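Read-outs: derived from the displayed coordinates by stated rules, not from any lab. No experiment lies behind these values; they were computed from the predicted model shown. All Cβ positions, even for glycine, are placed from backbone atoms using ideal geometry, and neighbour counts span all protein chains on display.
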Amino acid sequence: MPDIPIPLQDFPLAARVVAWQRCHGRSSLPWQHQRDPYRVWLSEIMLQQTQVATVLAYYPRFLERLPDVAALAAAPADEVLSLWSGLGYYSRARNLHRCAQVVMAEHGGRFPSTAQALAELPGIGRSTAAAIAAFCHDERAAILDGNVKRVLTRVLGFGDDLASAASERQLWAHATALLPAAGADMPAYTQGLMDLGATLCVSRRPACPGCPLADLCVARREGQPEAYPVKTRKLKRSRRENWWLWLVHEGAVWLQQRPAQGIWAGLWSLPLLDDEAAVLQAAAALGLAGETALELQPAIDHALTHLDWRLHPRRAVLKRPADPGAVLGPGRWVSADGLTAIGLPAPLRKLLAG
């Protein structure tokens, strides 16, 4: 990192961020301007790796059904996953459910008030814990999500490789040194960093002229803001192809619950088969006569963080009662009305909605 002529604790970043946020930052989001840890925590978990515009559609619906931590803890896992369906990264929903149960069982239904204690709960990392503590209790705690890493590495010219744990620790130390001295500014400062990263200091083509930190920013001075942050370790993507056997009987569809670990863990899915030959074999065992009994459906391309997945649905109507479980393994018939009460992967919910 280039030398900064004054100590980080005297660097005027915090005051600039607070003033900018109060004048220009986002101020009408439904989880802002409140001290309820449950609502702040829910928003922070939903916003991980998800755009604000998407979360705005899910957040009120989730709160309507599960308005507090007690309701979430008592809800069936299927209901939680159903409310989450379409947000992706479903481990967040499972951890959310688990965390609520721990808060009820071990903390009397009240979230801990410090970032350190919050970070010990399931699914709450250091940055999320700091955000909750800052917003709800004015705690002087640093956040370091993806947006904030981008802002701070650019302003400081921090070119160390964040694939290294030591470099990550160093950036955490810088983030802590840059915090406002007074706790009362913590909500505006925390929100301001998030807002800068989401609206101006974006990954590509950052809007530097409108940034309150432009004259302090090393990356802008170098003329290469998009070079930060530095992280050499890249996620390796793979490709996969599977076939869905879409069985329908009297308006109900046969679904199977995915294993507790892996892709779509705990969600309900059509039977997932390795190739079309396996589909034809299963169809024959169910008394469906040849390929003509299977309606060809357009392939679905679904992108996950690490995987490009092509799914081939094959639809068949069973005109007489049958037990697909004997051929395909455990599952159950679910009516059209029942689909809203269980967790389904987004591409399947879209497919079944027609």
Query - Helix 13-24 vs. the chain, principal-axis angle (Cα, 0 to 90°, nearest 10) - result: 60 degrees
Report task. Using the charge dipole of segment 260-354 (Lys, Arg: +1 at Cβ; Asp, Glu: -1 at Cβ; taken about the Cα centre), state which of 348, 334, 265 has its Cα farthest towards the positive end. Result -> 334
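Counting other Cβ atoms within 10 Å, which trypsin sites (Lys or Arg not before Pro) in segment 105-143 have at most 16 and lie in a DSSP loop? Mind showing how you got there, number by number?
Numbers: sites: 110, 126, 140; in loops: 110, 140.
Answer by residue number: 110.
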Query raised in the report: Which angle from 0 to 90°, rounded to the nearest 10, does the C-alpha axis of helix 276-285 make with the longest principal axis of the chain?
Result: 40 degrees
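Within segment 32-101, report the trypsin sites (Lys or Arg not before Pro) that DSSP leaves as loop and that have at most 13 other Cβ atoms within 10 Å. Each step should come with its number before you reach the end.
Values: sites: 35, 39, 61, 65, 92, 94, 98; in loops: 35.
Those that pass, being in a loop and sparsely packed, are 35.
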Report task. Report Rg/Rh for the chain, rounded to two decimals, where Rg is the Cα radius of gyration and Rh the Kirkwood radius. Result -> 1.06
Report summary line: Net charge (Lys, Arg +1; Asp, Glu -1) of residues whose beta-carbon lies under 15 Å from that of residue 117, residue 117 excluded, is -1
Query raised in the report: Can you give the angle from 0 to 90° between the axis of helix 186-199 and the longest principal axis of the chain, with both taken from C-alpha atoms, to the nearest 10?
Result: 60 degrees
Report task. Please work out the Kirkwood hydrodynamic radius for segment 140-252, using every pair of different C-alpha atoms, and report it in angstroms with one decimal place. Result -> 16.3 Å
Query raised in the report: Are there trypsin sites (Lys or Arg not before Pro) in segment 231-322 that DSSP marks as loop and that have at most 11 other Cβ atoms within 10 Å, and which are they?
Result: 233, 234, 236, 237, 319
